[in-house]
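Chemist: Below is the structure I would like to discuss, written out as structure tokens.
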């Protein structure tokens, strides 16, 4: 009955088979060939998965190589002229600098520039009414078709009560009502899940604004009390605008960017 | 007896990436994969909802399996619960399982939400995006479980390697300072092959071995050595011993090394004994002095001896052994086992279960009938024999087979006389030869007594004939006829070889004449030549060929007039007319009429459908355009 560390124990007592190291070396050496053969053979979904994995690995490898390269590569610089008296045979030498000198600060700046969301979505795709609404047939013989159902996510305030069915032209389904949005603060670069207060403007049409439809580009008002933002005067801010940046009907969630 | 605690059956826990691969590829394999935007929207929705639901269920099932398979600490025996706490940290373990449980609930919630959203999907694109989002969120939740999963996998591997200790059976626990000979004792009494080394903490975890005593199965637990310090300072290795001592109802063998070869003084060892004594409460305890080949109790200083003996009070017994010399090992084991057995029986008697057994037991003893003394009756002959046997010494008793063997040349030479003690009507028959019987007859009856002689006679005659030269090969190969035959045979063989080699080199890709064409092209002369080449006589073959191949024709003798005359004389051809097959196998006309009717019935459908026979299954044009277009469904009007 094997118990506890029986494998290690056995190796300790009897040793490994004599060609263990040789086999291990060979296996390792063959691995590249095996991988190559597999990469050529594989197809379908497995190929997709495998290639993605391999691709990532290669990127990682290249990055590491690059890092090592950067350490060693020498670059010419003009301003780094050696100071002081220089012998004649060294006069035509230009200053040398290592590539790594591309300072962290510069990198940081570039990154910030790329990540700066100073312009919210200025343009939106037009949405036709037949995409927005589904016709609900009513009447005993289902011949009347004046009723509409909104097929996009909507925001419905807390105090809303449905009208009697006879007067209810637009239905906003329960399943598509949202109360919260994932709001990113562009300067803090952090995302918070904040409650929605209301829909300020839907660029598609004022009617959609009235209905509280949430589509890409819609400006919503969110409750930022959680963030603890303060005005210059020292008052606590709690309502702020944000613009929706994703297609909520396709993603099942609302991502927005805080307008500061 | 098998242990009820078997942790070896827990399925491996994949790491988070593998987990995702398993679940997602299962979704891909087990759900339909083909969808087109042209399909009905309900169908598209159903297609994607199925995918989301299936993925969620697969995740759920896999996570549930993990949760169910891992033992719940509150439900296992306290020994195992404590051991797992020592080895894996109870809080960490519970946290990991709790996180898995939370992940399961989250995934279920995500699946539910997205199914609800999918019901409002109005295009393939939207449905697909929603499905993607759903699977993506599930995957994210799963990725966060990376650490829990890898921890659980490690726990599983370790659990599977734990010795299967049954906490309820008869058990001996071997404990003491490191390097005092615990594992050596274990190896002596059981078949467990525990590693023994001359340094401290060779045994780093619990080991279990099994042995038999009094026809019962016992388990012996070898524990790692313990040092004498407070419980808080003990490390994981020591804590395993403490766990075993605390939770198992067993006999405890506390090992003491008086020679101090282990590196710890006798005082240290005895103070450890005193400090862990609370753990021995209600357990039969033995103070085992080991390594007596080096140092016994008599050899130590008197104050130390007093220390050791002071420990042996209130039920603690002392025993000495040397695993090296193999002295006292079995005695120690038996002593411990007996004490434990006694205690277990006592415990059982104290319990309330015993009454239900005792009620069923009744040992009846007959009372005395009268005062007459009735001793056992021993025949006088037996008594005499017994007395004489007492008197006779070893020389007069019958010889043993072994002694007989030694006298008659030792093993390999001496043959055991198996017939010696046969019980037959007469003792003289013992060594008689037993007849061989075959088919109810004695084989010996069929043996000619003179057979040897006759054989010798035959051999002599044979020798004589050989000497006279009867078997010399005749030297008459010059016969004319035979030489000719041999010559022909040689030529045939040559020809055969040539044919074979020609066939071998024949170009099979060339167009060849068919056999029929070849036959038409060949003339009788070729046949003759061929036969001559083969060395055969073409005469008879030719005559036969001419006879068969003769052209049929009207001969002069068969002129029409003769034929006419003959045909008129002969009435009809009697025999060779064919029988009517339709009546074959039928007895009479009635049967025939019945079968005809049946045939008609069976063919009716085929006739109706205008089929050629049973095998005709052709489906013709269903709606011939020229017959269908331009017509109303009802009525005769054929205008549009």
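Bear in mind these aren't lab numbers, they're just calculated from the coordinates by the rules spelled out. For clarity, every value in this text was computed on a predicted model and none was experimentally measured. Cβ placement follows ideal geometry from the backbone for every residue including glycine, while neighbour counts extend to all protein chains displayed.
Chemist: Going by a ≥ b ≥ c, the root eigenvalues of the Cα gyration tensor, does chain B fall in the rounded group (a/c under 1.5), the prolate group (a/b larger than b/c) or the oblate group?
Modeler: Note, shape of chain B comes out oblate.
Chemist: Continuing with this model, one more query. Order B:164-170, A:2-8, B:206-212 from most to least packed using the mean count of other Cβ atoms within 10 Å.
Modeler: B:206-212, B:164-170, A:2-8
Chemist: Classify the protein assembly as shown: rounded, prolate or oblate, from the alpha-carbon gyration tensor (a ≥ b ≥ c, eigenvalue square roots; a/c under 1.5 rounded; otherwise prolate if a/b is larger than b/c)? List each step's numbers first, then the result.
Modeler: Details: a/c = 1.93, a/b = 1.06, b/c = 1.82.
Oblate, since a/c reaches 1.5 and b/c is not below a/b.
Chemist: Just want to confirm a number: the relative contact order over chain B, from Cα pairs under 8 angstrom separated by 6+ residues, in percent.
Modeler: About 8 percent, as a whole number.
Chemist: I've got another one for you. Along the Cα-to-C-beta direction of residue B:299, a point sits 7 Å from the Cα; which residues of the range B:323-337 have their amide N less than 18 Å from that point?
Modeler: B:323-329
Chemist: Shifting gears a bit: Rounded to the nearest Å, what's the spacing between the alpha carbon centres of the range A:121-163 and the range A:167-191? Just the number, please.
Modeler: A separation of 16 Å, based on Cα centres.
Chemist: Moving on to the next point. Report the gain in length on full extension from residue A:144 to residue A:205: 0.36 nm times residue separation, minus Cα-Cα distance, nm rounded to one decimal.
Modeler: Residue separation times 0.36 nm, minus the Cα-Cα distance, leaves 19.4 nm.
Chemist: Moving on. Give me the distance in nm between label points sitting 7 Å out from Cα along the Cα-to-Cβ direction at residue A:191 and residue B:413, one decimal.
Modeler: 10.0 nm
Chemist: In nanometres, what is the gap between the two model label sites at residue B:451 and residue B:433, each 7 Å from Cα along Cα-to-Cβ?
Modeler: 1.2 nm
Chemist: Across the residues of B:299-308, average count of Cβ atoms on other protein chains within 10 Å?
Modeler: Rounded to a whole number, the mean comes out at 0.
Chemist: Could you list A:149, A:61 so that the one with the fewest beta carbons within 10 Å of its beta carbon is first and the one with the most is last?
Modeler: Ranked by crowding around the Cβ, least crowded first: A:61, A:149.
Chemist: Which value at 222 nm does the protein assembly as shown reach when only helices count, each DSSP H run of 4 or more adding -39,500 (n - 2.57), with the total divided by all residues and rounded to the nearest 500 deg cm²/dmol?
Modeler: That comes out to -14000 deg cm²/dmol.
Chemist: Moving on to the next point. Over all residues in B:280-287, what is the mean tally of Cβ atoms on other chains that come within 10 Å of each residue's Cβ?
Modeler: Mean shielding count: 0.
Chemist: Ranking A:231, B:285, A:161, B:27 by Cβ neighbours within 10 Å, fewest first, what do you get?
Modeler: Going from sparsest to densest Cβ surroundings: A:161, A:231, B:27, B:285.
Chemist: For the range B:125-269, what relative contact order do you get, as a whole percent, if you take Cα pairs closer than 8 Å and at least 6 residues apart?
Modeler: Once divided by the residue count of the range B:125-269, the mean separation gives 27 percent.
Chemist: Can I ask one more? Take peptide A:149-162, look around each residue's Cβ out to 10 angstrom, count Cβ atoms belonging to other protein chains, and average those counts.
Modeler: 1
Chemist: I've got another one for you. Using Cβ contacts closer than 10 Å as the measure, can you line up B:312, B:127 from fewest to most?
Modeler: Fewest to most other Cβ atoms nearby, the residues stand as B:312, B:127.
Chemist: OK, next. Angle, helix B:78-88 long axis vs. longest principal axis of chain B, Cα atoms, 0 to 90°, nearest 10?
Modeler: The angle comes out near 80 degrees.
Chemist: Provide the packing ranking of B:441-453, A:166-178, i.e. peptides ordered by the mean count of other C-beta atoms within 10 Å per residue, highest first.
Modeler: A:166-178, B:441-453
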